[in-house]
Amino acid sequence: MKKDFSTWNTVKIQTDTSIQNINIREGEIRWCRVGINIGNEVLGKGEHFIRPVLIMKKFSSDVFLGIPLSSKIHTGTWFYTIDHDGISRTLILNQSRLFDRKRLQEKVFEVSELELRQIKEAYCNLILSENPKATSRWP
């Protein structure tokens, strides 16, 4: 797949100069302008290079740790599957990164407090594991 960095740069400039009145709330899944990235890093799709992202940890009113979602179901310790309205999606835990709220778009849905705690536990287990492929405790 050819990556369209030129178009992404135009969208990125528009995104950087935009003013967002979105309050960051942990547990929300929002469309996010992820963009075009390098190598195997997760990409945004469509004309605005977006994909759903879980707001896992709020660090300030502008910055959060986000985990991108995929509509494809994956298994293993690098992934966590969630269900909403009968549709399964996979959180790509190993693609987490910091995002600015300027990238955020409309809300898709919100996970429960219990689900968010379970996701954070799965994430911590991945980060603290010496060999993340050695176990497959999480869906």
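All of the numbers you see were taken from the coordinates with simple rules; none came from a lab. All of these numbers come straight from a predicted model, not from anything done at the bench. We place every Cβ from the backbone using ideal geometry, glycine too, and count neighbours over all the protein chains shown.
Among 44-51, 110-117, 28-35, how do they line up by average Cβ neighbours within 10 Å per residue, starting with the highest?
28-35, 44-51, 110-117
FRET efficiency for Glu26 and Ser6, Cβ-Cβ distance as r, R0 = 30 Å, nearest 0.05?
0.30
Can you sort Phe109, Phe59 by how many other beta carbons sit within 10 Å, fewest first?
By the 10 Å Cβ count, ascending: Phe59, Phe109.
Please list, in order, the residues from the stretch 84-121 whose amide nitrogen is less than 12 Å from a point placed 7 Å along the Cα→Cβ vector of Ile127.
Under cut-off, by backbone N: 94, 96-98, 120-121.
Return the sequence-ordered ³J(HN,Hα) values of the stretch 7-20 in whole Hz as given by the Karplus equation 6.51 cos²θ - 1.76 cosθ + 1.60 applied to θ = phi - 60°, using x for Gly and Pro.
5, 4, 4, 5, 5, 5, 5, 4, 5, 5, 8, 6, 10, 10
Per DSSP H run of n ≥ 4, the term is -39500 (n - 2.57); total these for the chain, divide by its residue number, and report the mean residue ellipticity at 222 nm rounded to 500 deg cm²/dmol.
-7000 deg cm²/dmol
With a/c under 1.5 counting as rounded, go ahead and sort the stretch 5-128 into rounded, prolate or oblate using the C-alpha gyration tensor (a ≥ b ≥ c being the square roots of the eigenvalues; past the cut-off, prolate if a/b is larger than b/c, else oblate).
Because a/c hits 1.5 or more and a/b exceeds b/c, the stretch 5-128 counts as prolate.
So what's the angle, to the nearest 10 degrees on a 0 to 90 scale, between helix 113-128 and the longest Cα principal axis of the chain?
On a 0 to 90 degree scale, this one is about 80.
Suppose R0 equals 25 Å; then what is the FRET efficiency for Ile38 and Glu113 from their Cβ-Cβ distance, rounded to the nearest 0.05?
For Ile38 and Glu113, the calculated efficiency is 0.10.
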